[in-house]
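Notes for the one structure printed next.
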Amino acid sequence: MKNKILRGVKVAEGIEIGSIVIYPGYENEVLPFYILRESDKQAEIHRLSTAIDSVKQELKALQSIFEKENDPYSARIFEVSYALLEEPWLLEGAQKIIENESRNAEYALQKVIAHKLRMFEQASSVAVRQRGALLEEVARKILKKLIGKDDTLASIPEGKILVAPFLSTFEVAQIPRNKIKGLALSHGGMTSHLAILAQTFDIPVVVGIKDLMRYVRDGQLAILDGYRGLIILEPDESTLRTYEAKIKHYLQLHDKLVDIKDLPPVTIDGRNIELCANINLPAEVKPAIEFNAEGIGLLRTEFIFLEDMLDEEQQFNIYSDIADKIYPGSVIIRTFDIGADKLAPYVREDNPFLGWRAIRLLLKEKKLLRTQLRAILRASRRGNVKIMIPMVTTVEEVLEVKKLLNKIKRDLRNEDVEFDENIDIGVMIETPASAIMAEVLAKEVRFFSIGTNDLTQYTMAVDRNNPYVSELYDPLHPALLRLMKNVIIAGHAAHSWVGVCGEMAHDPMAIPILIGLGVDELSVAPRFLLKTKEIIRHLSYKETKAIAEKVLDMKNAAEVRRFMKDVLKEEFHLNNVIDLDSP
Ligand code: PEP
Ligand code: MG
């Protein structure tokens, strides 16, 4: 099976050559269920409590690793999980089943967990339901211990390419960041939240490699190519040599990019584009500043939301710390986008992406929203904080948030608390309804940020995580471009600025089109800041306008991409800056 090439979706660039370590995950495990003899019951209870203790030890160890790495949010995930295992109902409940029903530990554990999950599901507060998601994760860990497959991500050997079918947010948090060389998954799409989190690792990441688990073996030599979105298993000599040369070439390109760090993101004919950073965790503000982001264009707060971890004071500390660090640039704080595939409140939905997510959830769980808005307002006293609402579908949602915001402002005034009276409020355009109705929304807000990750999924009716339909998932489809044009015209007519913060904002083929359509701001993960700036600096605004007009009339995304490949090479001479031969 020499040189077996498997294709997936590129998430984070880079090339690594190394041996593979497989993390099988839990999905396909078959659990043993059996009846116990009376004389075996005590030993079974002991087996279960040993497994629970061992998971507890692991959680404690993970908590202290992340505390040492100055990442209190990941540390808190493990602290809360540990506390769940400390609760007496778990072991006592399972023990009763072992004793009274003579069933084995796996069965007993599953039964008590299922019962508890049902209770969480019925709870009235999102904070309690949220614990259900964590409980499911720790239950899996205990079950894996019980069946003797207790491989943990924290103890994987160093310097390997990690391969897995799927990783949960919880598992991603356990990956020792500087230990692995690359990450390849059979599940997921480019904009899955798993992929977005993995982007912060600074290693190549390729997801959605459909047949990956069929062909990989532990210890196999592989090349992971995050530029082209592929993995080559057991490469032959000549492929290895080609890739070694490529690594050298990319290192040179990277060094060149560092040279433009202090230059402005401006086209050759003088159009300035505001270039900002998307961050998911407070620690990422550091690379954003290091690569000279003008501001934080998107702070995804949901990754720091967990159970009851963040009261107003804690949120205020995080937001004001980020606002202080990025000053005089500004930070756009997006209210919690909980639900769908992110750390989700524990509710079962047939279509979570079409369900109880983001602003829909916050408007029902007003306490969460009120606390967050108060914290944001208090952090706004220096005038460099903006509020953004995710997943808006109707203008009423915006009006309701504004009404609540005004009430909180009155409260803060009465309490003599300082805040920015003129704080900007904006919406994410990520549903077709909001894009089509942009004219109406524009009257209520000061800015739009187009969330192309979701706008693509909802417009093309294609799940952003599903590799089987990923061919349809392309924000360069003219259907999307036409919607975006409408949004930009509506925003500008109301004197609002319009930005793009989906992954599309760093796609070399998309950047000229977005600029030609008139976007004012691009917000990208910190690792893409320099490359995006370099591309902007090669463009002529005048030419991009003509290009944008032309692609709007094309039939499909493939035609747009073919055309843009030529444009990047022939018009803007970008072939020395980026790899235009990527498929
Ligand atoms: C988007 O949908 O484009 C976006 C930026 O939001 P998220 O990826 O967090 O859903
Ligand atoms: Mg979104």
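Taking label positions 7 Å along the Cα-Cβ direction at both K60 and N422, the computed distance is 5.5 nm, reported to one decimal. In the chain, the calculated helix contribution to ellipticity at 222 nm averages -14500 deg cm²/dmol per residue, counting -39,500 (n - 2.57) for every DSSP H run with n ≥ 4. For I450, the residues whose amide H sits under 5 Å from its own are I429, G499, V500, C501, ignoring neighbours fewer than 5 places away on the same chain, with H placed 1.01 Å from N.
With Cα atoms defining each centre, the stretch 77-116 and the stretch 427-503 are spaced 45 Å apart in the structure.
Assign one of three labels to the stretch 497-538, namely rounded, prolate or oblate, based on the Cα gyration tensor with a ≥ b ≥ c the square roots of its eigenvalues; rounded applies when a/c is under 1.5, prolate when it is not and a/b is larger than b/c, and oblate otherwise. Walk me through the numbers before you get to the answer.
Details: a/c = 1.65, a/b = 1.21, b/c = 1.37.
Judged from the Cα gyration tensor, the stretch 497-538 comes out oblate (a/c at least 1.5, b/c at or above a/b).
Label-to-label distance for E158 and V30 is 4.0 nm, based on points extended 7 Å past Cα in the beta-carbon direction. Amide H contacts of L539: I268, each under 5 Å away and 5 or more positions distant or on a separate chain (H built 1.01 Å from N in the peptide plane; Pro and chain starts excluded).
R228 sits with roughly 50 Å² accessible to a 1.4 Å probe, with DNA, RNA and ligands left out of the calculation.
Once neighbouring chains are kept in place and the probe is 1.4 Å, which whole percent of the accessible area of the chain is contributed by carbon and sulfur? Walk me through the intermediate numbers first.
Values: 12060 of 23980 Å².
Carbon and sulfur atoms account for 50 percent of the accessible area of the chain.
The phi-based Karplus calculation (6.51 cos²θ - 1.76 cosθ + 1.60; θ = phi - 60°) puts the 3J(HN,Hα) values of the stretch 438-446 at 4, 4, 6, 5, 4, 5, 9, 10, 9 Hz, whole numbers, x for Gly and Pro.
Relative contact order of the chain, taken over Cα pairs closer than 8 Å and 6 or more residues apart, is 15 percent.
Each residue of the stretch 112-121 was assigned a 3J(HN,Hα) from its phi angle through the Karplus expression (A = 6.51, B = -1.76, C = 1.60, θ = phi - 60°), giving 5, 5, 4, 4, 5, 4, 5, 5, 4, 4 Hz with x at Gly and Pro.
Give me the accessible area per residue for the chain, probe 1.4 Å, as a whole number in Å². Don't jump to the answer; show the numbers that get you there.
Values: 23980 Å² over 583 residues.
Ligands and nucleic acids excluded, the figure is 41 Å² per residue.
Here the 3J(HN,Hα) profile of the stretch 458-466, calculated from phi with Karplus coefficients 6.51, -1.76 and 1.60 at θ = phi - 60°, is 7, 6, 8, 6, 9, 4, 5, 9, 9 Hz, Gly and Pro shown as x. Highest mean packing comes first when the peptides 425-434, 158-167 are listed by Cβ atoms within 10 Å, giving 425-434, 158-167.
The listed residues E16, E237 rank as E237, E16 when sorted by accessible area, largest first, using a 1.4 Å probe. With all protein chains in place and ligands, DNA and RNA left out, the 1.4 Å accessible area ranks Y327, Y250 as Y327, Y250, largest first.
For the pair E38 and E101, label points projected 7 Å from Cα toward Cβ lie 2.1 nm apart.
Rounded to the nearest 5, what is the percent of antiparallel bridges among the DSSP beta bridges in the chain?
On the way: 18 of 55 bridges.
For the chain, the DSSP antiparallel bridge percentage is about 35.
Accessible surface ranking for K41, K403, 1.4 angstrom probe, highest first: K403, K41.
At the residue level, S470 shows approximately 40 square angstrom of accessible surface with a 1.4 angstrom probe and all protein chains present.
Rolling a 1.4 Å probe over the protein heavy atoms leaves V500 with an accessible area of roughly 0 Å².
Checking the a/c ratio against 1.5 first, then a/b against b/c, what shape does the Cα gyration tensor give for the chain? Oblate, since a/c reaches 1.5 and b/c is not below a/b.
The values are calculated or read from the model by the stated rules, or taken from the named source; none is laboratory data. Computed from a predicted model, the values in this text were never measured in an experiment. Don't worry about glycine lacking a Cβ; one is built from the backbone with ideal geometry, like all the others, and counts go over all protein chains shown. Side chains are part of the model used for accessible areas, which takes the heavy atoms of the whole protein and leaves out ligands, DNA and RNA. Shrake-Rupley method; radii C 1.70, N 1.55, O 1.52, S 1.80 Å.
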